[in-house]
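The values are calculated or read from the model by the stated rules, or taken from the named source; none is laboratory data. On a predicted model such as this, the values are computed, not experimentally measured, just so you know. Every residue, glycine among them, receives a Cβ derived from its backbone with ideal geometry; neighbour counts consider all protein chains shown. Only protein heavy atoms, including side chains, enter the accessible area calculation; ligands, DNA and RNA are left aside. Shrake-Rupley method; radii C 1.70, N 1.55, O 1.52, S 1.80 Å.
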Amino acid sequence: MSLTEQILSPLSGTLENLRRADALWQTYRGHAYREQADREKAAIAPVVSEATTPLTAVTWDVVICGGTLGILIGAALSQRGWKVAVLERGKLRGRSQEWNISRHELRVLMDLGLLTAAELEQAIATEYNPARLSFHEGIELYVEDVLNIGVDPVYLLDTLKAKFLAAGGELFEQVEFVEAIVHPNGVEIQVRPDSLPSFQARLLLDAMGHFSPLSRQARGDKKPDAVCLVVGTCAQGFDEDQASQGDLFASFTPIQNQCQYFWEAFPARDGRTTYLFTYVDAHPDRPSLESLFETYLTLLPQYQGVAIDRLQFQRALFGFFPCYRQSPLKPAWDRIVPIGDSSGSQSPLSFGGFGAMIRHLERLTLGIHAALEVDLLDRTALGLLQPYQPSLAVTWLFQRSMSVGMHQTLPPNQINALLSGVFAEMQQLGDPILKPFLQDVVQLSGLSQTMLRVAIAQPLLVAKVIPQVGLLTLLTWLLHYFNLALYTGLYWTGQWLQPWIKRLPPRSRYFADRWLEAWRYGSGNDWQREN
């Protein structure tokens, strides 16, 4: 019996769930794309179709499929007077594991009227400072107030559900999306169980996550351009002083098995959470989640300085997060908008999830509210809700520089040395440069200063990275970097245009406001505004 089987077998259903996730990862890993016959086997069943006849009646303004994070925007829209239904295939309840985020990012829940200050404080289950960043044979540094808050998903979702229902929203649990038919005046959503009638709505929001059937149909059989593999546990038995500390981004090994392993560690209410994650492509020979879990358990004692038999494991955590260069995903049909992980609105360096939804919650709420008010629900108008963001696109170079091709040979410590050099320069530049990057936000000033200083301080290290990432990746990055500069200029120009934009007719203002938001988020200036 493997170490993974020994540790996970006592945790009811965990090993089975890990192997189910592995089976899905297997379909993404390239085997299903080698031959046309395999592609046909792995073909995504279409779940969206279009009809030319109008619906005879439209009951809902908005139907949201996927309640765990969809309830956030559902509550915000229902409080603005829209008739909203949330469909959740299971029970809408939070998981045991906290969601990690930075405190200032949570302010949006108060700004939108979803939580009071007292409710927000009650939602915070854990908090610690500082968080460490360290790299094998390199720099060690500490930051404060970055991803140091653990939010209690159970309390948060229960509170938001109550607010949603009080505002007139309706929640349908144990109801699974089956298919959607787009009509000229609405969307008909077929669900399971079959005994339930279909839902007719003006707009469908897809919050079903990375593996949403709507997103998979929209992307076709395209393989992910990158994948983040994550495994971890929450356990008790750590030393008391160690259990209260946190690692934001750490590595203590060179490249192994064509992977650079990174680690995170956070205090939790019922133990200590530790993750191992790595950035890879979807090559057929990439490790399974179960084999990565074996690596995690083998290295965990060295990472945390504790014998494995001293730990009492409370739960296991695992997953893979596919990333696509064509993100955020534009609406492929009228009246359907992917949101959150369904749209891929996070960078390839991020796990997405709660943090990505929170970052865009206000923008999406205001944009969807405006689209409903002026009845701009075609795919072109809705596409402005998921705009191109150079601040995210430039991070593909960083993802590539932290990964190793299956047949690539790199010096064992090249990735650690690069990261150590980059973060050393960011530390010198200070928190205004370092903190946004650690929260998945890239700004022109910080990026330019950092890369210039690294190029001057360590030119040989930079030269080694160019063949690692490839010339095409570098040229593409230069285009996104130019656009980051362009969007930064447009953002500041847009500030002068706002008084004029407020006087535009409603439909024209919808488009102008969406472009202003695209420039703000696309330049990373949404972070500046919130701080």
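At-a-glance table
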read-out: Candidates Gly209, Gly237, Gly220 - the one that is open to solvent by 10 Å² or more (accessible area, probe 1.4 Å), more than 21 Å from Leu92 (Cα to Cα), in contact with a helix residue (DSSP H, G or I) (Cβ under 9 Å, 6 or more places away or on another chain) and touching a residue at least 60 places away in the same chain (Cβ under 8 Å); value: Gly237
read-out: Pairs, first within 16 Å of Arg202 (Cα to Cα) in segment 61-81, second crowded, with 24+ Cβ neighbours inside 10 Å and acidic (Asp, Glu), C-beta under 8 Å, six or more apart; value: Cys65/Asp206
read-out: Close pairs (7 angstrom Cβ cut-off, 6 or more residues apart or separate chains): more than 12 Å from Ser102 (Cα to Cα) in segment 129-149, in a loop (DSSP other than H, G, I, E, B) and of a type in the set (A, V, I, L, M, F, W, C) anywhere; value: His136/Phe252
read-out: Neighbours by Cβ (under 7 Å, 6+ apart or cross-chain): first from segment 488-509, free of Cβ contacts under 8 Å to residues at least 40 places away in the same chain; second part of a helix (DSSP H, G or I) and among the aromatic types (Phe, Trp, Tyr); value: Leu490/Trp519; Tyr491/Trp519; Gly494/Trp519
read-out: Residue in segment 8-31 that is open to solvent by 60 Å² or more (accessible area, probe 1.4 Å), at pLDDT below 95 and closer than 29 Å to Val187 by Cα present; value: no
read-out: Matching residues, segment 328-355, being small (Gly, Ala, Ser), surrounded by 22 or more Cβ atoms within 10 Å (Cβ to Cβ) and out of contact with any strand residue (DSSP E or B) (no Cβ under 7 Å at 6 or more places or on another chain); value: Gly340, Ser343, Ser345, Ser347
read-out: Number of positions in segment 295-327 that are part of a helix (DSSP H, G or I) and either free of Cβ contacts under 8 Å to residues at least 24 places away in the same chain or buried (at least 18 other Cβ atoms within 10 Å of the Cβ) (or both); value: 8
read-out: Residue that is surrounded by fewer than 21 Cβ atoms within 10 Å (Cβ to Cβ), within 22 Å of Asp440 (Cβ to Cβ) and of a type in the set (S, T, N, Q), where the choices are Asn185, Asn129; value: Asn129
read-out: Of all residues making up segment 383-395, the number that are surrounded by 22 or more Cβ atoms within 10 Å (Cβ to Cβ) and touching a residue at least 60 places away in the same chain (Cβ under 8 Å); value: 7
read-out: Condition broken by Gln260, with the remaining ones in (1) in contact (Cβ under 8 Å) with a residue 40 or more places away in the chain; (2) open to solvent by 10 Å² or more (accessible area, probe 1.4 Å); (3) of a type in the set (S, T, N, Q) satisfied; value: (2)
read-out: Pick from segment 437-475, criterion open to solvent by less than 50 Å² (accessible area, probe 1.4 Å) and among the hydroxyl-bearing types (Ser, Thr, Tyr), ranking: nearest to Ala226 (Cα to Cα); value: Thr473
read-out: Every pair of residues 6+ apart whose Cβ atoms lie under 6 Å, when the first sits in segment 439-450 and is part of a loop (DSSP other than H, G, I, E, B) while the second is open to solvent by 20 Å² or more (accessible area, probe 1.4 Å); value: Asp440/Ser350; Val441/Trp527
read-out: Residue in segment 481-497 that is outside any helix (DSSP H, G or I) and at pLDDT below 95 present; value: no
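For (1) buried (at least 20 other Cβ atoms within 10 Å of the Cβ); (2) touching a Cys at 6+ places or on another chain (Cβ under 8 Å); (3) touching a residue at least 40 places away in the same chain (Cβ under 8 Å); (4) under 25 Å from Ala21 (Cα atoms), each residue gets a yes or a no:
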residue: Phe252; (1), (2), (3), (4): no, no, yes, no
residue: Arg269; (1), (2), (3), (4): no, no, yes, no
residue: Leu276; (1), (2), (3), (4): yes, no, yes, yes
residue: Tyr279; (1), (2), (3), (4): yes, yes, yes, yes
residue: Pro284; (1), (2), (3), (4): no, no, yes, yes
